[in-house]
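Participant: Below you will find the structure I want to go over with you.
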Amino acid sequence: MTRRMRIGLTMGLSFGVFMTFLFVTQWGLFPGVIGGTVSGVLFGVGMAASYGVLYGRREGRQRLGEVRHEATITLVKGKKETIEACKESLKHINRRTKITKEDLENRELRAKAGMEWHRTADVISFSVRTIDDQSSEVEIESKPLIPTVITDQGSNLRNVEAIKAFFERHGLIGDNTWSPSSKGTPSADPD
């Protein structure tokens, strides 16, 4: 099921149930159910269409419609310095980013970026693998805190890009390996 269809069904169903309740109390059972169903279907179609038009114009990034983003970056630092750099990079996501799990033995770091008016609450994970004494490979994953989120308006993509930009600004990226990948619902065409 495409993203537009899911949004149309979700919005249409919730609006239809609400309108059915209002119509039944005002007009009776049969006309209320018919009126609520028709208004729900029309509202769902309208939401799906407007979402496609507005979302298609929002940004030209190819992976914007995905809600889970990953990247693997090689840094020219040892394990301890890499984890510290990952912690520092979280300060550039948003002011309410908090570390929720720090496992130095397994070389994992997890943080939660707080919700703001233009973004969902996100979970950012780092997994560090030591290549040698002077380089480490960092796997970054950013996804919504709530697993049922359909669209995040690119906030997770921006999280991964902000972390990469932080590493680049501080000269930490080794051989410029930057291999982003996205998992989730494909969004090349939001139909």
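Participant: For q values of 0.20 Å⁻¹, compute log₁₀ I(q)/I(0) with the Debye formula on a Cα-only model of region 68-183, without solvent.
Facilitator: Here the Debye-derived log intensity ratios amount to -1.04.
Participant: Now a separate question. Could you put L42, L104 in order, starting from the residue whose Cβ has the fewest other Cβ atoms within 10 Å?
Facilitator: Ranking L42, L104 by Cβ neighbours within 10 Å, fewest first, gives L104, L42.
Participant: Rounded to the nearest 20 debye, what is the charge dipole size of region 68-183 about its Cα centre when +1 sits on each Lys and Arg Cβ and -1 on each Asp and Glu Cβ? Write out the running numbers ahead of the final one.
Facilitator: Working: 20 positive and 19 negative charges, 107 e Å.
Dipole size: approximately 520 debye.
Participant: Still on this structure, I have one more. Which entries in the list K77/K98; K79/K164; K79/K112; K77/K143; K87/K143; K80/K143 go over 20 Å, if you measure between the two C-alpha atoms of each?
Facilitator: K77/K98; K79/K112; K77/K143; K80/K143
Each reported figure results from applying straightforward, stated rules to the coordinates on display, with no laboratory input. Keep in mind that what you see is a predicted model, and the values were worked out from it rather than measured. We place every Cβ from the backbone using ideal geometry, glycine too, and count neighbours over all the protein chains shown.
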